[in-house]
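Accompanying notes for the structure given below.
A short reminder: the numbers here are calculations on the coordinates, not readings from a lab. On a predicted model such as this, the values are computed, not experimentally measured, just so you know.
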Amino acid sequence: MWTNFKEHWKTTLTGIVLALSVLLTTIGVFTPEQATEVQTQSGVIFTAIANIIGGISALILMFKAKDS
């Protein structure tokens, strides 16, 4: 189950948020409009996190590299 998590973590977390928002809409905590907004914003947040991790990794690799 966790073998592809590194590659597919955004899809996994988006699916979890989707399932939770559907559950909360079903029991009446969210309206459908709120659930849609939560799903949209969570996708934006996960993309931002992926970009931040990529930037930090690039900086680390840039300073870790050795001149030949």
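Please work out how much length the chain gains when fully extended from His8 to Thr47, using 0.36 nm per residue of separation minus the C-alpha to C-alpha distance, in nm with one decimal. The partial results should precede the final answer.
Working: separation 39, 0.36 × 39 = 14.04 nm, distance 1.21 nm.
Using 0.36 nm per residue and subtracting the Cα-Cα distance, I get 12.8 nm.
Specify which labelled value, from [x] -0.95, -1.02; [y] -0.89, -0.93; [z] -0.78, -0.82, agrees with log10 I(q)/I(0) by the Debye sum over Cα atoms at q = 0.21, 0.22 Å⁻¹ derived from the coordinates of the model shown.
From the options [x] -0.95, -1.02; [y] -0.89, -0.93; [z] -0.78, -0.82, the structure gives [y].
Under a GNM of the chain (C-alpha, springs under 10 Å), which listed residue has the highest mean-square fluctuation: Ser57, Ser21, Ser42?
Ser57
If each DSSP helix of 4+ residues adds -39,500 (n - 2.57) and the sum is divided by the residues in the chain, what number results at 222 nm, nearest 500 deg cm²/dmol?
Value at 222 nm, helices only: -29000 deg cm²/dmol.
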